[in-house]
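Chemist: To start, I am sharing the structure in question, which I have written as C-alpha cells.
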Amino acid sequence: MADNLKRCLAVLFFLALIPGDLLAQPPFGRGSEERGRPGEMGQEPRTGVVSEVRGNEITLSLRDGQRQVVTLSPYLKITRERTMTAEDLRPGADVMVVGRTDGGSIRAEVIRLVSKGAAMPPGGRDGREMNAGPVTGKVVSASPLRIMTASGERQVDISGVRRIFEETTVGPEEIKAGDQLLILGGAERVFKLIFQTQRSAMGPGPAPGQAPVQVMGKSRLPMPPVPEVSYFSKREMDRSRDSQFGFKDPNMPRIDLFLWYDDYGRVMNDLGVSWMEPAASFGFSWEQVQKKNRDNTYTAFDWGRYDRLVENARAYNIHISAIIIAREPLAEQGQRRPPSLPADLRGYQNFVRALVERYDGDGKDDMPGLLYPIKNWKIEDEAMAKIYFNGTPSDYARLVNAAYDAVKQSDSGANVILAMVRGYDGFGEADPRAFMEGFFSEFARLSRVRKWDTIDQHSMIVSRTADPEKQYLEIGRYVEDVKAASKRYGFEPAPFWAMEVAGIDPPPERAHAIDLFKRYVYAFSVGVRKVFWSGLAEKPPQSTSGIKDPLEKATLIDSQGQKKLAYYTYKKMVGMLDGFDVNRVETTRHDGVYVFRFSRDGKPVWVAWNDGKTAVREKLSVPRGARVTVVEAVPDAGTGAEIRDYANAFRTIEGKAMSGVFEFEIGAAPLIITVD
C-alpha cells in the first residue's frame, strides 16, 4: 500500500513539472479506438486559444477546431511558466528536481524553481526521496549545485538537465482574448490552465542551452529538440516492430528542410503509427558527421545531431528506418551536391561501420543512453534520380556492394534496404526501367550473392498514362518489373517496402482520402510489407522555404494545423488493419470491383471498393449467424474541419448473416468489413 502511494505521488509530482507543450502528448500505443483501450494516462491535455472572456467563463478554440467553455472556479489552478537557466539557481532558491538518485547525488533532468511565497511541494514520503521521483530542497551552493533536502545535503548533476523553469500562480483576471493556454482535465472538469508561450507548433523550438540550428559546412540544419518527457516502452517498441504503417519525413513540415515539426510524435501516436524514415536534411550523411582536413585526414565523428534525432523518436516509441547517404566530406567546402560513389570507398565503409555500430544496441560503442536499436539501413534514396544520386547504375552497384559488407560487419542481423532503382516517368527518364536493368546487370558481375534484404519501391508521381483515379494500381506494375529483373540476373527477389507513397496535387479532400486508402491497401495486396506516406503536415505560413513541392498538399494536416479527411481515414485504417498477416492477403476483382481479404488476430477483415460509376452489390461467405460490421473508410463529411467526434465520424452498418452469406452494396466510398 505504501509503495503504491509512493508511486502515485511520484507521478503526480512529475506531472506538475512537465512543461505545457509536452503535457499535450498522448500516451504511447496505437492511439485508436478500434483497439478498445483508453489512454493509459487518462484524458489527453489540449492546447487552446482564448476567443472570449465573459464573467467567470472563458471560451477556448482548440487545435482540432472544437470549442470549449471553461468555468473559472476557485478550484481551478492557473499558472504561468517561465524558462530559466542554471544562473537562476542561486543559494536560497527553493527547487524541485526530477531525475535519478545515484548514491548521494542526483542526475537532474528537469528542475523547477518554486517562486517565493508558493507552497513548497513535498519531496517524497517520510523524508525519503524516491529513486526516480521529484526531490525538493533549498539551493546551498550554485557551482557545483548542491541542495539541502529532507534527508540531508545532495549534489545535483545538471550536465544532462533538459529544462529549468519557474511556475507561478496567476489570477483569472490575467486571462485575455488571444492567450494560448494548456488545458488539463476532461471535457466536464478542468483542474489546471497553464499559460503557453506563443510560438509555432512547427518552429524549431530550441530547448534551454540548445541552439535552434546547427551549422554544417554551408548548410544550416535544424537540431532536434531534447525530449523533456519520454513515453518510451520496450514492450511497445517490440510490439510495433512488424507494424505496416509509417511516414517519410514526419519530423519536418513538407517541405521545409530547416524547420522541425514539434508535434510529429504526438500526431503519430494519435494515428497509431510507429515507423518513420527521416530523409532530406535528416538522412544519415557522411559529411554531416565528419570533416576532411587539408592534409586529407578526417576529423573525429560528431554524432550529436543524429543522437538527438534518435532520442526524440524513441521518446514517442517510433522506429527509425535510416538512410545512409554517401555525401563525401571534402577539404574545400562548396555548394551542396548530391551524393555519389565516394572516391575514398574505404573511408566510406569506415563511416558506415561506425554509424551502424553506434545505433545497433549491442553494448559496444553505442550511443550513450540508446534505448532501442536501429536495425534498418537503406543505401541512398531514389538512386535512379540524378538529383538524389549523381552516379551511374554501375556506381550504385559498387556502392551497395561496399555498404552491405560494412553494415553486416557491424550488425549481421541488420536489414539492408536497396533504394528505388525502377523509376517512374515523373523524373522524365526516356525509359524508367533503364537504371534498374543497368544496376542488376552490374551487380551480377560484382557478386553472385544478393546483397540487400529488402527493396524500396516508391509510388507517388502522376503517371502520364494512368487514369488519375486509378494511379494506385501503378505500384503493382513497378513491383513486378523489379521482381522480373532480379530473377533475370540470378537474384531471388527480396521483400518490398514502399517508403514513399503519395498522390500528387490531390483533388478535394474526400478524393484525397480515398486515394490514400487505396494506395495503402493495394500495395499490401501486391506483397509490399510496409508503406510510408510522404509527409505528415504542410509547411506553415511563416516558412521561408522556396521549394515548390507538388506533394505538399498530399499531407494529412494543412498549413494552419487543420486535420484533413485523409487524417481520419488513415487513423481508421491503422486501427482496423495494422498487424495483419502479410502472407495471407487474398484479392478478388471483377468489373472494377476489388475485394481484399486480410487476416488479423486470427480473424478475417475485408476491404472493398468500386472503381465504377454506379453502386453494385457483392456477397461474402461468413460464419452462419456471424455479426457483421461495415464501416466506410472515409468520414461522412466534406472536409476534416467538419469533424467534431472521431468515434462517430464514419458511417457504420451492423447486422447478422443468418444464412452464412452477407450481401452489401459498394458505392463511391471504400468499405472495411469485420465479423464477430
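The values are calculated or read from the model by the stated rules, or taken from the named source; none is laboratory data. All figures in this text were calculated on a predicted structure; none of them were measured in a lab. Using ideal geometry, Cβ is built from the backbone for each residue, glycine included, and neighbour counts are taken over all protein chains shown. Heavy atoms of the whole protein, side chains included, go into the accessibility calculation; ligands, DNA and RNA do not. Shrake-Rupley method; radii C 1.70, N 1.55, O 1.52, S 1.80 Å.
Chemist: Could you go through the range 286-302 in sequence order and give the Karplus-derived ³J(HN,Hα) for each residue, using 6.51 cos²θ - 1.76 cosθ + 1.60 with θ = phi - 60°, rounded to whole Hz, and x for Gly and Pro?
Modeler: Listing the rounded values in order: 4, 5, 7, 10, 8, 10, 10, 7, 5, 8, 6, 8, 10, 6, 5, 5, 10 Hz.
Chemist: OK, next. Quick one: what are the phi-derived ³J(HN,Hα) couplings along the range 145-160, Karplus 6.51/-1.76/1.60 with θ = phi - 60°, whole Hz, x for glycine and proline?
Modeler: With coefficients 6.51, -1.76 and 1.60, one gets 6, 10, 10, 9, 10, 5, 10, x, 7, 10, 8, 10, 8, 9, 5, x Hz.
Chemist: Students often get this wrong, so check it: of 364/386; 487/553; 408/563; 487/619; 248/613; 248/451, which have C-alpha atoms separated by over 31 Å?
Modeler: 364/386; 487/553; 408/563; 487/619; 248/613
Chemist: Roughly how many Å² is the accessible area per residue of the range 290-379, as a whole number, for a 1.4 Å probe?
Modeler: Working: 3710 Å² over 90 residues.
Computed with neighbouring chains in place, this is 41 Å² per residue.
Chemist: When N is the residue count of the range 547-676, what does its C-alpha Rg come to as a fraction of 2.2 N^0.38 Å? Before the final figure, lay out each step's value.
Modeler: On the way: Rg = 16.3 Å, N = 130, 2.2 N^0.38 = 14.0 Å.
Ratio of Rg to 2.2 N^0.38 Å for the range 547-676: 1.17.
Chemist: Can you give the extra length, in nm with one decimal, that the chain gains between residue 648 and residue 542 once fully stretched, where that is 0.36 nm per residue apart less the Cα-Cα distance? Kindly include the intermediate steps, with their values, before the conclusion.
Modeler: On the way: separation 106, 0.36 × 106 = 38.16 nm, distance 3.44 nm.
Full-extension gain reported as 34.7 nm.
Chemist: Provide, for q = 0.10, 0.19 Å⁻¹, the log10 of I(q)/I(0) from a solvent-free Debye sum over equal Cα point scatterers in the range 521-618.
Modeler: Debye output, listed in q order: -0.40, -1.01.
Chemist: Which percent of the accessible area of the range 362-444 is formed by carbon and sulfur heavy atoms (probe 1.4 angstrom)? If you can, show how the numbers build up before the last one.
Modeler: On the way: 1430 of 2990 Å².
Whole-percent figure for carbon plus sulfur exposure: 48.
Chemist: While we're here: Quick one: pull the percent of accessible area on the range 565-649 belonging to carbon and sulfur, 1.4 Å probe, ligands and nucleic acids left out. Don't skip to the end; give the middle numbers.
Modeler: Details: 1640 of 3820 Å².
Of all accessible area on the range 565-649, carbon and sulfur atoms account for 43 percent.
Chemist: Tell me which aspartates and glutamates have Cα within less than 15 Å of residue 292's Cα, excluding those fewer than 8 residues away on the same chain?
Modeler: 302, 328, 332, 344
Chemist: What residues have an amide H closer than 5 Å to that of residue 142, excluding those fewer than 5 places away on the same chain, when H is modeled at 1.01 Å from N in the peptide plane?
Modeler: none
Chemist: Suppose the chain between residue 59 and residue 350 were pulled fully straight at 0.36 nm per residue; how much longer would it get relative to their current alpha carbon spacing?
Modeler: Working: separation 291, 0.36 × 291 = 104.76 nm, distance 5.86 nm.
Extending this stretch completely gives an extra 98.9 nm.
Chemist: Which of the trypsin sites (Lys or Arg not before Pro) found in the range 352-427 are in a DSSP loop and have at most 10 neighbouring Cβ atoms, other than their own, within 10 Å?
Modeler: Details: sites: 353, 358, 364, 375, 378, 386, 398, 408, 422; in loops: 364, 375, 386, 422.
Loop-located and lightly packed - 364.
Chemist: Something else: Return the distance in nm (one decimal) between the two label points of a simple spin-label model at residue 51 and residue 293, each offset 7 Å from Cα along Cα→Cβ.
Modeler: 6.2
Chemist: Whenever you get a sec, compute what percent of the accessible area on the range 274-324 sits on carbon and sulfur atoms (1.4 Å probe).
Modeler: Working: 620 of 1330 Å².
So the carbon and sulfur contribution to the accessible surface is 47 percent.
Chemist: Mind giving me the nanometre distance, one decimal, between the label points for residue 90 and residue 587, set 7 Å out from Cα along Cα→Cβ?
Modeler: 7.1
Chemist: Another question, if that's okay. What are the residues whose amide H is under 5 Å from the amide H of residue 633, where those residues sit 5 or more places off or on another chain and H is modelled from the backbone?
Modeler: Under 5 Å from the amide H of residue 633 lie the amide H atoms of 671, 672, each far enough along the sequence or on another chain.
Chemist: List the residues whose amide H sits under 5 Å from the amide H of residue 164, counting only those 5 or more places along or on another chain, with H placed 1.01 Å from N in the peptide plane.
Modeler: Sorted by chain and number, the residues that satisfy this are 84, 111.
Chemist: Can you give the extra length, in nm with one decimal, that the chain gains between residue 676 and residue 412 once fully stretched, where that is 0.36 nm per residue apart less the Cα-Cα distance? Show your work: numbers first, answer last.
Modeler: Values: separation 264, 0.36 × 264 = 95.04 nm, distance 4.27 nm.
Answer, rounded to one decimal: 90.8 nm.
Chemist: Label the range 341-387 by shape, choosing from rounded, prolate and oblate, from the square roots a ≥ b ≥ c of the eigenvalues of the Cα gyration tensor; if a/c is under 1.5 it is rounded, and otherwise prolate applies when a/b is larger than b/c, oblate when it is not.
Modeler: On the way: a/c = 3.92, a/b = 1.72, b/c = 2.27.
It is oblate, given that a/c is not under 1.5 and a/b is not larger than b/c.
Chemist: Which value in nm describes the separation of the simple spin-label points at residue 661 and residue 477, placed 7 Å from the Cα toward the beta carbon?
Modeler: Distance between the two pseudo-spin positions: 3.7 nm.
Chemist: Ignoring ligands, DNA and RNA, how do 519, 448 rank by accessible area with a 1.4 Å probe, largest first? Numbers along the way, then the final one.
Modeler: Values: 519 10, 448 225 Å².
Most to least solvent-accessible, the answer reads 448, 519.
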